[in-house]
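Accompanying notes for the structure given below.
The values are calculated or read from the model by the stated rules, or taken from the named source; none is laboratory data. What you are looking at is a predicted structure, and each value in this text was computed from that prediction instead of being measured. Glycine gets a Cβ as well: all are built from the backbone with ideal geometry, and neighbour counts include every protein chain shown. Only protein heavy atoms, including side chains, enter the accessible area calculation; ligands, DNA and RNA are left aside. Shrake-Rupley method; radii C 1.70, N 1.55, O 1.52, S 1.80 Å.
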Amino acid sequence: MNHTIRAKIRRVARAAVAALMLFPATVLPITPVGADTIQAYPSFAFKGAGYGHGIGLSQYGAKGFAERGRTGQWIAAYYFPGTAIGQAPSERTLTSNPLNINLDKAKNARSSWQIRPGYTGAKLKINGEVLPDSTYTFTRSGSAVVVKNSAGTQVGSYTGDITVAYENNYQALLQVVDKSGPYDHAYVKYRGWFILSANGSGVKLVNRLSMQDYLKGVVPRESPASWHIEALKAQAIAARSYAYNSTGELYCTTSSQVYNGHSKGSDRDALDMHEHPNSNTAVDETNAQYVMYGGKVVQTFFHSSSGGHTADIETVWSGTSEPSSLYPYRKGVDDPYCVGPYDPWPSPVTLDGMQLAQKIAPKVNSAPTGAGSSIYVRSMNIDRVWPSGFARTVDITWSNNAVSRGVTGDTVRSALGLRSTKFFLNGGHYTRVSAPNRYETAVKVSQAAFPSVGDAKAAVIVNGADERFPDALTAAGLAGVAEGPVLLVQGGSVPQVVAEEIRRLQVSKLYVVGGEPAVSESVLSSLAGIVPDTERVAGVDRYGTGAAVAHKMRSLGAVTDDVLIASGENWPDAAIAAAVSAGTGRPLLLVRKDEVPAATIEALTSLTSPRMVVFGGSAVISAAMRHRLTSIAGGTAPVKVFGEGGNRYNTAAEAAKWCVSDLGYRMSNVYVSSGETFVDAVTGSSLAGKNKNPMVLTNNKTPSGPTAAFFSANRAAINTVTIVGGPGAITDPCASALAGYAY
């Protein structure tokens with residue numbers, strides 16, 4: 001049982017005993033209550049991210065990609081790895097392999113249907129016979145369907161399928177007077193034909209139409225027509241591919257795809273459009289385009305939002321005939337631009353143990369007798385799949401110590417009405433150091449690291465723009481040696497909040513890291529107006545600046561026998577190294593994948609047989625480069641290489657363990673920064689380094705697998721988890737889940 005839950009139960013029990021001691025028995029004219037009658041159930045809070053099953057195309061993710069310049073064709077193929085956009089062997093038209101859509105929301109037959117032409121004065125054809133403009137009622141009579149006009153006169157009785165078409169067959173709009181479609185609207189008009197038949201105790205209504213006409217009623221219902229045209233094209237391709245492989249009837253609801261016809265209106269000549277010009281254009285411009293794999297059309301599932309990474313199909317739908325291990329297009333993918341209204345969920349779903357038992361026991365075959373009445377849920381353990389973060393199975397421990405193992409995440413989602421299977425349970429407590437933007441967050445970090453006047457001796461200033469990451473990362477070590485924070489400025493101005501923080505600190509020295517293209521002379525002058533002793537530390541490029549910072553650190557007393565090496569071409573490995581640099585005073589030098597820049601060579605050769613620690617595997621810093629570095633360092637090979645065979649999250653976790661085992665860092669507090677944006681990693685590294693605590697990285701919406709494993713493995717030693725950056729960088733569900741692994 002979670003120690004927080006135990007504490008809660010103890011508090012409730014103590015309060016109950018205290019209450020009985022305060023009041024004599026004569027004051028409480030009730031029968032004494034047995035101890036087991038007073039029951040404090042554990043509390044469960046389900047947080048999460050994403051909406052829908054999480055398989056295949058993410059609609060909000062497609063929107064994000066489209067807004068960043070990707071085409072609909074690229075987007076559709078991206079979400080189904082290994083596929084390409086191509087043309088199917090045959091097309092589905094009104095007269096050749098048409099689509100058939102059940103227009104009853106509940107998929108039932110109705111006692112009757114009323115149908116009329118979509119325009120005043122037009123005519124219908126019923127089984128080929130042209131009839132006058134009227135509203136026709138179709139009612140079951142035995143095995144036949146009787147048809148009457150608006151005057152109540154029978155015009156026919158039919159067995160088998162009845163075809164209702166517009167007079168000229170094409171350009172048809174037929175109107176259902178009764179409520180129909182996914183939203184039960186009356187007076188909806190549809191393209192194509194209707195097929196009616198006696199079915200069960202009533203009459204079934206099916207809309208028969210071509211693929212293109214069908215999609216024009218689907219796309220604006222599945223993705224808002226106001227979205228970027230390329231997102232709508234991706235939706236059209238996915239919806240077309242899904243429908244192509246669907247045999248038999250499709251439904252007008254999310255059981256298949258939401259289809260709402262052409263328009264509606266009680267006045268047949270005044271249209272309230274359901275279709276939209278934007279989505280119709282997307283359908284027309286992707287005509288006959290499908291997601292193809294091995295010469296076949298893929299049945300392309302899609303959903304609203306993934307929470308940052310889509311799911312392997314078997315994670316959500318166990319027993320699928322197309323597991324991702326055999327069919328690569330069923331494998332989840334990173335969904336970096338998926339920002340929907342439920343990424344993360346705006347509020348948790350909170351239940352106590354008995355409420356949870358009442359909801360979930362009917363769905364779990366192995367639930368003990370009495371679950372939901374006398375037996376409650378004591379705890380739940382989630383088996384999660386990384387890197388997607390979706391729950392695969394859940395083990396449920398009941399209050400009688402029985403355990404229901406392997407309950408699918410989808411069963412839990414369905415029982416509790418959760419938005420997706422990317423749910424996290426009872427996340428632990430965490431602290432957050434953040435502000436609305438990066439400049440203010442850096443100030444908050446400074447205040448956390450140096451709360452009182454005189455705590456900081458200096459401050460290090462860098463450009464906070466994304467493209468200026470190298471200067472910022474090498475600056476963390478200088479901040480550690482100079483005993484001050486890293487603060488961010490814009491290239492041409494000093495944010496007011498930063499100027500105020502410099503004044504609050506009352507430091508006697510400012511170091512500006514980066515040349516004039518990064519921090520202008522006017523900014524330097526503004527800073528000197530606050531702290532007269534302001535010095536620029538810079539080289540001709542990022543590599544020269546890193547070397548200049550190393551020399552400055554040595555001049556301030558840093559012991560430079562140990563040197564950190566990272567790529568200057570991408571930021572994650574250097575950000576991880578920055579936390580080590582800030583805490584140990586070891587300079588960070590930058591290299592290219594296959595080249596040691598001259599400035600870095602000069603810095604290394606000025607040291608005597610330096611011991612090197614390399615951050616980044618051979619994909620980032622090649623094996624040949626390591627040999628070259630060994631030669632420059634006088635034959636001393638790197639003593640550590642982090643990141644070989646892993647990703648940035650593995651590298652950060654490996655480095656964090658090393659910091660604790662070899663460098664004297666304390667595991668009691670672990671700092672977490674986003675692995676997707678460098679700025680919080682920079683400011684976080686200076687804070688973590690000052691406090692001699694490790695720093696790790698995570699995905700923003702769901703914990704990265706290596707990070708979750710790091711917290712689980714070290715939970716006995718971790719007391720505090722500190723998130724650096726706001727919910728836009730690391731969401732609350734992600735932070736809560738990480739803390740849950742830690743405690």
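General observations
- On the basis of the beta-carbon distance and an R0 of 51 Å, S266 and A40 show a calculated FRET efficiency of 0.30.
- Solvent exposure of the chain, expressed per residue, is 39 Å² of accessible area, with all protein chains present and a 1.4 angstrom probe.
- Once the Cα-Cα distance is subtracted from the 0.36 nm per residue extended length, the L326 to I530 segment shows a gain of 67.1 nm.
- Two-site label geometry, D284 and N97: point separation in nm, points 7 Å out along Cα→Cβ: 2.5
- Between region 528-604 and region 408-475, the Cα center-to-center distance that results, in Å: 24
- Of the whole protein surface, R554 contributes about 80 Å² of accessible area at a 1.4 Å probe radius.
- Over the residues of the chain, the helix contribution to mean residue ellipticity at 222 nm works out to -9500 deg cm²/dmol, using -39500 (n - 2.57) for each DSSP H run of at least 4.
- Take 172-183, 532-543, 397-408, 188-199 and order them by the average number of nearby Cβ atoms within 10 Å per residue, most first; the result is 188-199, 172-183, 532-543, 397-408.
- The order of the peptides 107-115, 285-293, 352-360 by mean Cβ neighbours within 10 Å, most packed first, is 352-360, 285-293, 107-115.
- Part-to-part distance (alpha-carbon centres) for region 68-112 and region 148-217, which is given in Å: 21
- Nonlocal amide H pairs with F390, under 5 Å, H built at 1.01 Å: V385
- In summary, the lysines within cross-link reach of K690, defined as a Cα separation below 26 angstrom excluding same-chain residues under 8 places away, comprise K444, K457, K509, K552, K640, K657.
- Relative contact order of region 648-728, pairs being alpha-carbon contacts under 8 Å that are 6 or more residues apart, as %: 41
- Accessible surface of region 67-203, 1.4 Å probe, proportion on carbon and sulfur as whole %: 44
- With contacts taken as Cα pairs under 8 Å at a separation of at least 6 residues, region 34-123 carries a relative contact order of 14 percent.
- By the Kirkwood approach, averaging reciprocal distances over each pair of separate Cα atoms, region 307-380 gets a hydrodynamic radius of 15.4 Å.
- Backbone N atoms of region 649-671 closer than 15 Å to the 7 Å Cα→Cβ label point of A709 belong to residues 649-658.
- Accessible area per residue was computed with a 1.4 Å probe on protein heavy atoms; T431 scores about 50 Å².
- In the calculated pair-distance distribution of region 416-546, the portion above 27 angstrom amounts to 24 percent of the Cα-Cα pairs.
- Accessible surface of region 587-702 [probe 1.4 Å, protein heavy atoms]: carbon and sulfur percent: 47
- Rel. contact order, % - alpha carbon contacts under 8 angstrom, at least six apart, the chain: 12
- Shown is the FRET efficiency for S143 and N437, computed with R0 = 41 Å from the Cβ-Cβ distance and rounded to the nearest 0.05: 0.05.
- Per-residue accessible area (protein heavy atoms, 1.4 Å probe) orders R626, R392 as R392, R626, starting from the largest.
- Under the span-like rule (Cα at least 27 Å along the axis, Kyte-Doolittle mean at least -0.5), DSSP H helices of the chain: 3-22
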